[in-house]
Amino acid sequence: MTFLAGLGARLREGLRRSQEYLASGLGAVLDPERPIDEALYTELEELLIAADLGATLAGDFTNRAREEAMFGTLTRANQLRPLFRRFLLDTLAGAAQPLHLDHRPAVVLMLGVNGSGKTTTAAKLAAALKGSGKHVLLAAADTFRAAAIEQLQRWGERVGVEVIHQAAGSDPAAVVFDAVKAAAARGADALIVDTAGRLHTKTNLMDELAKLKRVIERQMPGAPHESLMVLDAPTGQNGFAQARMFHEAIGLTGVALTKLDGTAKGGIVVRIVRELKIPIKLIGVGEGVEDLQLFEPEAFVDALVPGE
Amino acid sequence: MLDALSTRLQTIFDRLGGRGRLTEENVQEALREVRLALLEADVNFKVVKTFIDRVKARAVGQDVLASLTPGHQVVKVVHDELTALLGGSGHKLAPASHPPTVIMLIGLQGSGKTTTAAKLARMYRTQGQHPLLAAADTYRPAAQDQLRTLGEGLGIPVIGAAGQSPLAICREAREAAATRGLTPLILDTAGRLHIDEAMLEELRAIRREVAPHHVLLVLDAMTGQDAVTVADRFNQAVGIDAVALTKLDGDSRGGAALSVRHVTGRPIAFVGTGEKTDALEPFHPDRLAARILGMGDVLSLVEKAQATVDQEKAEELVRKLREDAFTLEDFREQLKQVRQLGPLDQILGMLPFGKMLKGAPKDLADESADLGRFDAIIASMTPGERRHPEVINGSRRQRIARGSGTSVQDVNRLLKQYAQLKKMMKQFKGMEGKLPRMKNLPGFPTLRG
């Protein structure tokens, strides 16, 4: 225990420094005078790891920097930031894609693990679409978690959007069936379906999700037009497993990255984009309804590798 | 729980397991892989660094270099250090001398506070107590409804109405718990960011005025590198006494647990392992560490083996295997040592070449009873037969079976397994030569000199 106490204090101190270092950008580290050596590469690798890019990706990027140094295109430490920005932007090129909401009604399926922010994101998206003059419906297909329906209903009242729902514990497939029918009948522009949070390792719950998708497809060929996995920025490497398994189970059209207003950078999406080719469609940067935004690689990379 | 990391480290150490004597270079290489595995497991990189340095200092030490199965020895060192880092023993929330015991849950949005509150209440009720829940999350729509629904389902009272301030709800709940004789009181607060000063001040106010005995940080097991920042800030701003780690029923490797424990020094008290209210378990650091390493019982077997396996005999055996001089007598000696250890399938994993055997002579693994029979069969052979089993023809088999009280089929099975083992050894030897990079890998402890 004495070891832990002492070490904890040291580590805390170190982390405080690391935060300042992250916050102040790479400026201090990338002093133009600083020699390009192993210590520098290590620090850069750690910077990327600290942003949840993962050890493999961080190692790849660092190795590419080594190659550039070998070819003589990298000679000063302050060239590393633009280099890393370029690596990241190359990787994320094509990751920013618009939502496909041309169909009338467009059906958007929100899914993800527990507590990632599905309900809030669904409500914010509904508010945004309504704000642009669309007729939107929400479907409360999380019939499992206590008061999940009420939560979406409160949101519906708040943003002025009708919520299709049934009693708690009812079959989510039935809710979805009703909702798609209602959306078509009322000539809605969009239907946003909020599903129950589920861990991607629970086969029965993944089957349930696949069934929801089938019900939608059968009723409306071509739907759902968007299947968005909601992922929160503090998530680490497990986010990749989540994306992979949700993608395998129902085919994702994009990721909605939430809770970017904290200190986590959400770097795991870089790996998701790179290895799974799933675009990032939305980001959540705050609790307000207006804090749901479209993904912009430039801004995201600036946050990952802080600017000048 | 943390199977992914277990598998990863197991692979690393299986490779290491074949290396016989560990040099500093070997250890370095293994630890590089351990580092990667821990980073993949979301352990914060600073914590990883400190951890690796400590393990290295111990792993390069004499006890590892001198041991028969250094790979396992390294695992043991890693395991010990992991256990130490995770906390010495299971942590219990001490009841207050003057009830109610007040437990306050804090954390980020979506970490699982409300569900954990209900799970805790249920756990304490199962232990014969009469808990009270306070729904102090007035921000998230229907959060109070959620706790009330959970409370109703469990038959546990819930305090807190819409329109009240979180502080007022907590105060009222504390009074209600005292007058109604309910304990513990569990405060479910709203999720908030660890950098939201106004919201942190609200928690400090509750802490000041309601004086909880235990402040629990509820942390999602899937959290990445940021876990240290989250835990540190909450600890600095509000103060935390313990951690509840949620959503461990997925495949997240849960490295965040190591990070948080390390950076705050606070113990992990509970783990959440499912969506239902009964899915809460006390945290066992030793089990978690063993699980991270995928070692389980094998660890104790390492200790057992050190006590029972005669190192000289083992090295002699290895030499014979290399020289293809492995006789039935050696086989018998091997079986004898194995019998002293316990269940075969577990032991196979820790024998120098055990991993390779696993699944191969399957009969050997699931027929421990055969060991006694095999011993009797070999005892009924002549010394010549033991050294040159190829002379054992049909009539000799009948004689041996009669002499040992077994059947000819048993004798055949023994001979078949012996032949399989010998063949496998030959294959490994072949591999050693063919694949330079796998040299020393798959089976044999390489004898020095």
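The values are calculated or read from the model by the stated rules, or taken from the named source; none is laboratory data. Values in this document were obtained by computation on a predicted structure and should not be read as measured data. All Cβ positions, even for glycine, are placed from backbone atoms using ideal geometry, and neighbour counts span all protein chains on display. Heads up: the accessible areas ignore ligands, DNA and RNA and are worked out on the full protein's heavy atoms, side chains in. Shrake-Rupley method; radii C 1.70, N 1.55, O 1.52, S 1.80 Å.
Between the chain alone and the structure with every protein chain in place, find the residues of the range A:102-116 that drop at least 20 Å² of accessible area; heavy atoms, 1.4 Å probe. Relative to the lone chain, where solvent access is computed with a 1.4 Å probe, the range A:102-116 loses at least 20 Å² at A:Asn114, A:Gly115.
Taken along the Cα-to-beta-carbon direction at a fixed 7 Å, the label points for B:Arg125 and A:Arg86 span 6.3 nm.
Between A:Ala184 and A:Asp207, the simple spin-label model (points 7 angstrom out along Cα→Cβ) gives 2.7 nm. For the chain pair A and B, the interface hides roughly 4400 square angstrom of accessible area in total, found with a 1.4 Å probe.
Across the range B:223-235, rounded Karplus estimates of 3J(HN,Hα) from the backbone phi angles (6.51 cos²θ - 1.76 cosθ + 1.60, θ = phi - 60°) give 4, x, 4, 5, 3, 5, 5, 4, 5, 5, 5, 4, 5 Hz, Gly and Pro being marked x. Plainly put, the range A:206-308 has a radius of gyration that is 1.01 times its Kirkwood radius, both from alpha-carbon atoms, as the Rg/Rh ratio. Computed with a 1.4 Å probe over protein heavy atoms only, the accessible surface of chain A comes to 39 Å² per residue. If you take the square roots of the eigenvalues of the alpha-carbon gyration tensor of the range B:97-159 and sort them as a ≥ b ≥ c, do you get rounded (a/c under 1.5), prolate (a/b over b/c) or oblate? Since a/c reaches 1.5 and a/b is larger than b/c, the shape of the range B:97-159 is classed as prolate. One chain, two ends: A:Arg76 and A:Arg64. Fully extended at 0.36 nm per residue, the span grows by 2.8 nm beyond their Cα-Cα distance.
Got a sec? Which residues in the range A:231-256 would a label at A:Arg214 touch, if it sits 7 Å along Cα→Cβ and we count backbone N under 12 Å? Those under the cut-off are none; the list is empty. Placing R0 at 22 angstrom, the Cβ-Cβ distance between A:Asp291 and B:Arg208 gives a FRET efficiency of 0.10 after rounding to 0.05.
In the structure shown, the pairs A:Lys124/A:Lys211; A:Lys259/B:Lys113; B:Lys56/B:Lys76; A:Lys181/A:Lys213; A:Lys213/B:Lys119; A:Lys118/B:Lys247 are assessed against 22 Å; a Cα-Cα span above that value is assigned to A:Lys124/A:Lys211; A:Lys213/B:Lys119.
Expressed as a whole percent, the accessible area of chain A that falls on carbon and sulfur atoms is 53 (1.4 Å probe).
Take the alpha carbon gyration tensor of chain A, find the square roots of its eigenvalues, order them as a ≥ b ≥ c, and report rounded if a/c is under 1.5; if not, report prolate when a/b exceeds b/c, else oblate. Prolate.
With a Förster radius of 35 Å applied to the beta-carbon distance between A:Ala167 and B:Gln236, the computed FRET efficiency rounds to 0.20.
Accessible surface computed residue by residue for the range B:102-295, with neighbouring protein chains in place and a 1.4 Å probe, gives 31 Å² per residue. Report, to the nearest 10°, how far helix A:38-50 tilts away from the longest principal axis of the Cα atoms in chain A, using its own Cα long axis and a range of 0 to 90°. On a 0 to 90 degree scale, this one is about 20. The trypsin sites (Lys or Arg not before Pro) found in the range B:76-130 that occupy coil by DSSP, while having at most 13 further C-beta atoms within 10 Å, are B:Lys92. Applying the criteria of a DSSP loop state and at most 13 other Cβ atoms within 10 Å to the GluC sites (Glu not before Pro) of the range B:110-218 yields no site. The trypsin sites (Lys or Arg not before Pro) found in the range A:267-308 that occupy coil by DSSP, while having at most 11 further C-beta atoms within 10 Å, are A:Lys277. The share of C-alpha pairs in the range B:102-295 whose separation exceeds 25 Å stands at 31 percent.
Go ahead and run the numbers for FRET between B:Asp80 and B:Asp278, Cβ-Cβ distance against an R0 of 41 Å, rounding to 0.05. Efficiency computed from Cβ-Cβ geometry: 0.80. The share of accessible area on the range B:102-295 that comes from carbon and sulfur is 49 percent, using a 1.4 angstrom probe. Amide H contacts of A:Ser227 (H built 1.01 Å from N, in plane; Pro and chain starts excluded): A:Leu109, A:Thr253, A:Gly254 sit under 5 Å, all sequence-distant by 5 or more or on other chains.
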